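Asks: Quick one: structure below, then a few questions.
The values are calculated or read from the model by the stated rules, or taken from the named source; none is laboratory data. The structure displayed is predicted, hence computed values, not measured ones. Methodologically, a virtual Cβ is constructed for each residue, glycine included, from the backbone with ideal geometry; neighbour enumeration extends over all protein chains shown. Just so you know, the surface numbers come from the protein's heavy atoms only, side chains and all, with ligands and any DNA or RNA stripped out. Shrake-Rupley method; radii C 1.70, N 1.55, O 1.52, S 1.80 Å.
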Amino acid sequence: MDYVLGFDGGGTKTECVLMDSAGVIVARGVSGPSNPTRVGVEAATREIVKAAELALREAGVARNSVVALGAGLAGTAQTEMKERMRASLESAFPGIVVNLLTDLEAALAATGEGPAIVLVAGTGSAAIARDGQGKIWRAGGYGPPFSDEGSAYDIGSRAVARAMKEREEQGAESILGKKILERLGCAAWSELQKRASAEPDQVFPLIFPIVAAAGDGGDATARRILQEAARQLGALVKIVADHAGLGRESVPIAKTGGTVGRSAFYDAEVDRALTQAVPHAKIGELQMTPAEAAARAARV
């Protein structure tokens, strides 16, 4: 039997599915980040290979049974990076047909046919829309400092800035500030700043769960940060909806990414912002995972 691998890679993790010739997912694997713009092409390729090996091992399938792979990867919107990543995957998986998509393209493919909008809100953030003629529009997804507004990275960065400001104003750590320092194992903000300067992706996205939990617990500062992030995500969706002529349509908006489903307060704020951006939208989830959509795309 022939198999296909499908990947969904971002700034925090890589998800892999192994699909058989009947279109059934027989195994899954999860590894570290594979956004080549953030971690580099070699590191991204290593994580993709690792996720594939985990899935193959779980199913007891040999790699030579895989005939194709589809990978929806964040950080591959630019042509040069996309080709570098494709070449690296072709080298890592010799003899296997490689179909490389951006994470946005894979997420949009997971909505099925027809007009649709997808909001990706994970380590980074972006929105993509497809109109009735199949034309595609996108906004965001270029990484910090140029975009990623409303993302886990952005929320973490804002939370650190606000906690440090509150310490200056109050002469003591805020509750949120204490939780951030504890979560990252830092004794002082100077230590956190040093780590963030060296490896920001290993600092700011990790703070999102703290802010999300604090928001659910009623922390006023956390809620203000999350509300602003939700407004920014709504603005991204409005951009693509307006370009695609979907702003007044009853169009499906699918949310995906690592920040989705982590906080009841934040989810509600995002839904509110999306409804304001596209009043008649039907907000929901993808019909399948982006990894599965990437695998199915590889079969075409």
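Asks: Give me the one-decimal nm value for the distance between modelled label points at GLN276 and HIS243, 7 Å along each residue's Cα-to-Cβ direction.
Replies: Taking the two extended label points, one gets 2.2 nm.
Asks: Per 0.36 nm of contour for each residue apart, how much would the distance between GLU42 and ARG299 grow if the chain were fully extended, relative to their Cα-Cα spacing?
Replies: Full extension of this stretch gives 90.0 nm more.
Asks: Also, I was wondering about something else. Longer than 31 Å from Cα to Cα, which of LYS194/LYS255; LYS82/LYS178; LYS13/LYS179 are they? Say none if no pair is.
Replies: Beyond 31 Å between Cα atoms: LYS194/LYS255; LYS82/LYS178.
Asks: May I ask you to list, by number, the DSSP H helices of the chain whose Cα span along the axis is at least 30 Å and whose average Kyte-Doolittle hydropathy reaches 0.0 or more? Please report the intermediate quantities before stating the final value.
Replies: On the way: long enough: 220-243 (35 Å, 0.16).
Helices meeting the span and hydropathy rule in the chain are 220-243.
Asks: To continue, here is another question. Could you check the spin-label model distance between ASN64 and VAL30? Points 7 Å from the Cα along Cα→Cβ, value in nm.
Replies: Label at ASN64, label at VAL30, 3.3 nm between them.
Asks: Just the number, please: Stokes-Einstein D of the stretch 21-124 in µm²/s, Kirkwood Rh from C-alpha pairs, 4 °C, 1.567 mPa s.
Replies: Translational diffusion coefficient: 88 µm²/s.
Asks: State the dimensionless ratio Rg/Rh of the chain (Rg: radius of gyration of Cα atoms; Rh: Kirkwood radius). Mind dumping the intermediate values first?
Replies: Details: Rg = 19.8 Å, Rh = 19.8 Å.
The Rg/Rh ratio comes out at 1.00.
Asks: Next up: When the helix-only estimate is applied to the chain (DSSP H runs of n ≥ 4, each -39,500 (n - 2.57), divided by the residue count), what is the mean residue ellipticity at 222 nm, nearest 500 deg cm²/dmol? Don't jump to the answer; show the numbers that get you there.
Replies: Numbers: 11 runs with 144 residues, N = 300.
Value at 222 nm, helices only, nearest 500: -15000 deg cm²/dmol.
Asks: Could I ask something else about it? How much area per residue is accessible in the chain when the probe is 1.4 Å and only protein heavy atoms are counted (Å²)? Walk me through the numbers on the way to the answer.
Replies: On the way: 13490 Å² over 300 residues.
Result: 45 Å² of accessible area for each residue.
Asks: Considering only protein heavy atoms and a 1.4 Å probe, what is the carbon-and-sulfur percentage of the accessible area of the chain? Walk me through the intermediate numbers first.
Replies: Values: 6650 of 13490 Å².
Carbon with sulfur: 49 percent of the solvent-accessible area.
Asks: Another question, if that's okay. Of VAL98, LEU54, ALA74, which is farthest towards the positive pole of the stretch 26-111's charge dipole, taken about the Cα centre with +1 and -1 on the beta-carbons of Lys, Arg and Asp, Glu respectively?
Replies: So the residue furthest toward the plus end is LEU54.
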